[in-house]
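Worksheet: one structure, shown below.
The values are calculated or read from the model by the stated rules, or taken from the named source; none is laboratory data. It should be emphasised that the depicted structure is a prediction, and the values quoted were computed from it without experimental measurement. A quick note on method: Cβ atoms are made from the backbone with ideal geometry, for glycine too, and the neighbour counts reach across all protein chains shown.
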Amino acid sequence: MGKNRREKREEDREGFASKRTSQYRSRNLKAIGILSMIGVIVGFACYEFVTSTNNVPGAPENAGKLGDEHIHASLLVNIFGDKFDFSTPNYQVKTSWIHFENQDGDTIHRHSTGVELEFLFNSMSVVVDDKCFVFPDGRQFCNNDDYSLKFYINQQKVEDIRKYVVQDNDRILITYGNEDQLAIDKQLSELNAQAIKRL
């Protein structure tokens, strides 16, 4: 009788140990499965974040991946014949996508495909459309009977520059006043003389 009881206890212990091992194995497999799913989800989210600009806060609407290009162009803004200075801290590196940098107010640096000029001006709180140039302090220079806003890209007059994507070595003139063609040609020569600084 004592032998049967001992055998029964040993069988119970073995059954209990086997049941406990099975429970641990089942719990561990579930945990591994859950952690694997979390890993897949996190990996996919990271991939989407890195490859898609729409998820990057402050990204331009049509831009590619930040850093996929580094384009340089020259800009000259003349208001009544006076050159506007973008080299002050108020206009330097306001966004990583497109900016002026290193106290240089002449060279635009574009660091992604598809970034339009409007994004550069918006980042500096400058409003530019086909009729007005408005500084952050509220000074407005708009078309009227005496004065007009004009845009030139590589010496060609264009009606609007907002949606333009700067290309390497572009030269862009924005001018406001009542200049004749001789005065415009002088400004275009000044623009062509500006060095495009590559950093």
Report summary line: Scanning region 135-162 for residues that are in contact with a strand residue (DSSP E or B) (Cβ under 8 Å, 6 or more places away or on another chain) and basic (K, R), the one surrounded by the fewest Cβ atoms within 10 Å (Cβ to Cβ) turns out to be K157
Query raised in the report: How about region 172-189: which of its residues are in a helix (DSSP H, G or I) and either among the hydrophobic types (A, V, I, L, M, F, W, C) or not assigned by TED's automatic domain parsing to the domain that holds D160 (or both)?
Result: L182, A183, I184, L188
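I'd like to verify a number: residues in region 109-139 that are assigned to a loop (DSSP other than H, G, I, E, B) and either among the basic types (K, R) or farther than 22 Å from K197 by Cβ (or both), how many?
Within region 109-139, the subset assigned to a loop (DSSP other than H, G, I, E, B) is 111-115, 124-126, 129-131, 135-139.
Within this subset, residues satisfying the condition of being either among the basic types (K, R) or farther than 22 Å from K197 by Cβ (or both) are 114, 125, 129-131, 135-139.
Going through region 109-139 one residue at a time, the tally reaches 10.
May I ask you to list the residues in region 150-171 that are of a type outside the set (A, V, I, L, M) and part of a loop (DSSP other than H, G, I, E, B)? Working first, answer last.
Of the residues in region 150-171, the ones of a type outside the set (A, V, I, L, M) are 150-152, 154-157, 159-160, 162-164, 167-171.
Those that are of a type outside the set (A, V, I, L, M) and part of a loop (DSSP other than H, G, I, E, B): N154, Q155, E159, D160, R162, K163, Y164, Q167, D168, N169, D170.
Within region 88-108, is there a residue that is closer than 13 Å to Y176 by Cβ and either modelled with pLDDT of 95 or more or part of a loop (DSSP other than H, G, I, E, B) (or both)? So that I can check it myself, show each step before the final result.
Within region 88-108, the first condition is being closer than 13 Å to Y176 by Cβ, and the residues that meet it are none.
Checked region 88-108: no residue is closer than 13 Å to Y176 by Cβ and either modelled with pLDDT of 95 or more or part of a loop (DSSP other than H, G, I, E, B) (or both).
Does L66 count as touching a residue at least 24 places away in the same chain (Cβ under 8 Å) and not assigned by TED's automatic domain parsing to the domain that holds Y147?
Values: touching a residue at least 24 places away in the same chain (Cβ under 8 Å): yes; not assigned by TED's automatic domain parsing to the domain that holds Y147: yes.
For L66, the condition - touching a residue at least 24 places away in the same chain (Cβ under 8 Å) and not assigned by TED's automatic domain parsing to the domain that holds Y147 - is met.
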Report summary line: Of the residues in region 79-112, those that are over 20 Å from the mean Cα position of the chain (by Cα) and within 16 Å of P136 (Cα to Cα) come to I79, F84, D85, S87, T88
Query - Scan of region 86-116 for residues that are in contact with a Lys or Arg (Cβ under 9 Å, 6 or more places away or on another chain), within 18 Å of K163 (Cα to Cα) and either surrounded by fewer than 18 Cβ atoms within 10 Å (Cβ to Cβ) or small (G, A, S) (or both), ordered by number - result: S112, T113
